[in-house]
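The values are calculated or read from the model by the stated rules, or taken from the named source; none is laboratory data. Here the structure is a predicted model, which means the values were calculated and not measured. Here the Cβ is made from the backbone with ideal geometry for all residues, glycine too, and neighbour counts use every protein chain on show.
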Amino acid sequence: MKNVLPQFWSFNRIRDTSEIKIENLIWQGPFSWIGYEQIYELKPIPDIAGVYLFTFEYLDGYILRSVGVTNSMKRRLTQHTREYKKGHYTLLDVESAKNGVRKELWHGWQYAKEHQNIYLENKDIILELAEKELIAYRLFISEVTDRRKRERIEAAILINTYSSKEPWADLMDGGMSLRGRYNYEMPIEVKNGCSHKLYGLPISIEI
């Protein structure tokens, strides 16, 4: 008697397109970075699970700098603060970024790991640059309790950015770890809604 394998399902666009559901995603903001709320009198960021966007003021709205996911906004931002102050993240010239131009003042990630001596020699300058960038950030968040959905939203926004030739594609750091939709997951069409113009955030994304 032959063994019978279980039936496996994977998404087929020709067959399953009509089954794709549409969901609305509301983005709240802008919020300031934790600890800098009083400088521009922005509201403190809610401590929720969801997706977050780092943006700079740009034209008549805000331009995308980075995107991430978390179970706790405040805990994750605290972690980011530590990494910025250790020199682990790339730092941009804020005024150039506000014009959609990427101008690196300190290159983080692998370069920072391999050149710790340069960081230590210039720590005061790098800390000053990091604080300037944190103060300039305007944060937008969307509450998403499902972990996989958060990951899929993050991946879809990043993939859209990486393939774009618009200015926001240059501000985003490359090489981010992505966990997009798997073949055995049904796509979801997400409609992004925000009371502000967010350059780099598509009106609609498939996750």
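Of all residues in the stretch 148-180, those satisfying the criterion of being free of Cβ contacts under 8 Å to residues at least 40 places away in the same chain and more than 19 Å from Leu198 (Cβ to Cβ) are Arg148, Gly174, Ser177, Leu178, Arg179, Gly180.
Put simply, of Glu133, Glu189, Glu154 the only residue that is modelled with pLDDT of 95 or more and either more than 16 Å from the chain's Cα centre (by Cα) or surrounded by fewer than 21 Cβ atoms within 10 Å (Cβ to Cβ) (or both) is Glu189. Taking (1) surrounded by fewer than 17 Cβ atoms within 10 Å (Cβ to Cβ); (2) within 24 Å of Gly193 (Cβ to Cβ); (3) of a type in the set (Phe, Trp, Tyr) in turn, Trp109 satisfies each apart from (2). Scanning the stretch 170-207 for residues that are of a type in the set (Gly, Ala, Ser) and farther than 26 Å from Ile22 by Cα returns Gly174, Gly175.
Of all residues in the stretch 46-63, at least one satisfies being more than 20 Å from Asp170 (Cα to Cα), free of Cβ contacts under 8 Å to residues at least 40 places away in the same chain and surrounded by 13 or more Cβ atoms within 10 Å (Cβ to Cβ). When every residue of the stretch 78-88 is checked against the conditions, none turns out to be charged (D, E, K, R), in a loop (DSSP other than H, G, I, E, B) and touching a residue at least 60 places away in the same chain (Cβ under 8 Å).
A count restricted to the stretch 101-113 and to residues that are modelled with pLDDT of 95 or more and in contact with a Phe, Trp or Tyr (Cβ under 9 Å, 6 or more places away or on another chain) stands at 1. In this structure, Glu57 does not satisfy being under 21 Å from Trp106 (Cβ atoms) and either of a type outside the set (Val, Ile, Thr) or in contact with an Asp or Glu (Cβ under 9 Å, 6 or more places away or on another chain) (or both).
Reported count of residues in the stretch 168-185, each being surrounded by 18 or more Cβ atoms within 10 Å (Cβ to Cβ) and part of a helix (DSSP H, G or I), is 2.
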